[in-house]
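One structure is given here, and the rest of the page talks about it.
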Ligand SMILES: Cc1cc2nc3c(=O)[nH]c(=O)nc-3n(C[C@H](O)[C@H](O)[C@H](O)COP(=O)(O)OP(=O)(O)OC[C@H]3O[C@@H](n4cnc5c(N)ncnc54)[C@H](O)[C@@H]3O)c2cc1C
């Protein structure tokens with residue numbers, strides 16, 4: 001018997017893909033880039049290029065081309081500012097400084113994300129569409145199990161889904177993960193400042209105004225990026241913390257009095273990996289799975305690495321997808337969380353307080369020996385990755401401490 005119902009006709013004419021990737025940020029574009037032999041649709045609710053609230057610090061990025069091929073292809077076209085030295089503070093009190101061969105490149109997400117998307121779209125198997133995902137339904141079409149996604153108007157069928165749709169991921173919600181609790185989110189406000197640069201240090205101020213979190217000042221190509229990030233619900237609104245922080249930077253002569261605040265952006269950071277980040281046909285990556293380093297808020301590298309693992313796993317390990325993905329993701333999760341079973345609030349507060357109080361005393365003494373293992377270990381562990389000893393840009397590096 002021929003089924004002539006409306007539902008059957010609309011299913012027959014429905015577009016079909018092997019994989020739909022939701023979100024074209026660094027995670028989604030990288031996942032798409034690494035797929036092969038599959039018909040892939042990459043969707044995003046935003047038009048590209050688009051801005052994304054972010055400090056834009058690509059930590060230890062001089063080695064990224066060794067493991068991220070799409071980054072290797074765009075790196076020479078990126079506008080970057082190379083940051084080499086850092087000063088760290090506890091509640092606006094100076095603690096220590098370090099100078100490296102290179103710490104991170106500061107980039108604009110408007111440019112960076114667009115270049116990554118362009119690189120993915122050079123591949124024949126990938127199509128991009130502006131599509132604001134609203135609904136996902138599990139279904140069977142022509143004998144194949146899969147999912148129908150909808151934006152309220154159009155519906156598209158796919159056999160597999162990758163959720164790379166950021167902190168408020170609809171794909172993660174579909175997998176049954178609850179929204180993150182307040183203490184599992186970093187609330188951030190940042191602004192781009194255009195001015196002459198009179199200080200080329202990165203400044204990281206932990207525990208600003210006794211809050212859990214940190215304030216940052218990153219030199220950029222056109223001046224500075226200044227921001228504050230606070231874990232749990234802050235006591236005041238974020239503008240209050242940012243204004244106070246900017247005042248402090250002017251007082252300390254980091255930011256010149258003559259400056260122009262170009263734009264202010266708010267954003268949120270996940271601080272906990274979600275419970276279910278993969279099934280046999282749905283994978284989460286980047287912020288959608290909560291993959292951000294809790295002590296620094298670094299997420300771009302982890303978004304790209306998880307995207308790469310997702311794209312490769314779907315293309316080559318389809319049969320054991322869940323098992324393979326879990327296995328490959330484990331080291332990345334450990335890298336971001338260090339101690340995944342301690343609640344982020346407790347870990348962050350204890351770590352910053354104990355560590356920096358001790359570090360300050362040791363750093364004073366360090367001028368006698370030239371070494372403060374606390375500070376060096378902390379910076380290495382949280383910010384300065386050295387993964388590829390043989391080929392690494394950072395090999396044979398000498399870390400300098402300047403007298404303050
Ligand atoms: C203030 C701030 C500062 C930061 N600073 C740094 C830093 O200096 N260095 C660093 O490494 N990390 C930083 N991070 C973290 C970093 O920005 C994120 O970890 C990173 O962007 C994660 O990439 P992603 O691709 O997973 O998600 P995103 O970059 O958030 O991309 C998700 C995409 O999904 C799309 N999307 C969402 N919902 C839907 C939907 N329903 N339908 C279709 N599309 C959808 C969005 O439009 C977006 O394009 C910072 C974060 C914040 C908030």
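The values are calculated or read from the model by the stated rules, or taken from the named source; none is laboratory data. None of these values were measured; they are calculated from a predicted model. Here the Cβ positions follow ideal geometry from the backbone for every residue, glycine too, while neighbour counts run over all protein chains shown.
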Wholly inside the range 302-404, helices (runs of 4 or more DSSP H) that include 3 or more residues that are closer than 25 Å to residue 41 by Cβ and at pLDDT 70 or above are 321-337
Name the residue that is farthest from the ligand (Cβ to nearest atom), counting only residues in the range 1-26 that are assigned to a loop (DSSP other than H, G, I, E, B) and at pLDDT below 70. 1
Could you say which residue among 151, 113 is within 10 Å of the ligand (Cβ to nearest atom), surrounded by fewer than 18 Cβ atoms within 10 Å (Cβ to Cβ) and on the phi < 0 side of the Ramachandran plot? 151
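Matching residues to (1) crowded, with 20+ Cβ neighbours inside 10 Å; (2) within 14 Å of the ligand (Cβ to nearest atom); (3) at negative phi:
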residue: 122; (1), (2), (3): no, no, yes
residue: 126; (1), (2), (3): yes, no, yes
residue: 142; (1), (2), (3): no, no, no
residue: 160; (1), (2), (3): yes, no, yes
residue: 168; (1), (2), (3): no, yes, yes
residue: 176; (1), (2), (3): no, no, no
residue: 180; (1), (2), (3): no, yes, yes
residue: 187; (1), (2), (3): yes, yes, yes
Test result for residue 214, modelled with pLDDT under 90, crowded, with 23+ Cβ neighbours inside 10 Å and not in a helix (DSSP H, G or I): yes
Is there a residue in the range 242-254 that is part of a strand (DSSP E or B), more than 15 Å from the ligand (Cβ to nearest atom) and surrounded by fewer than 22 Cβ atoms within 10 Å (Cβ to Cβ)? no
Which numbered condition trips up residue 279, out of (1) surrounded by fewer than 18 Cβ atoms within 10 Å (Cβ to Cβ); (2) modelled with pLDDT under 95; (3) not assigned by TED's automatic domain parsing to the domain that holds residue 228? (2)
List pairs: first residue in the range 224-241 and farther than 21 Å from residue 184 by Cα, second residue at pLDDT below 90 anywhere in the structure, Cβ distance under 9 angstrom, at least six positions apart or on different chains. 224/199; 240/209; 240/234
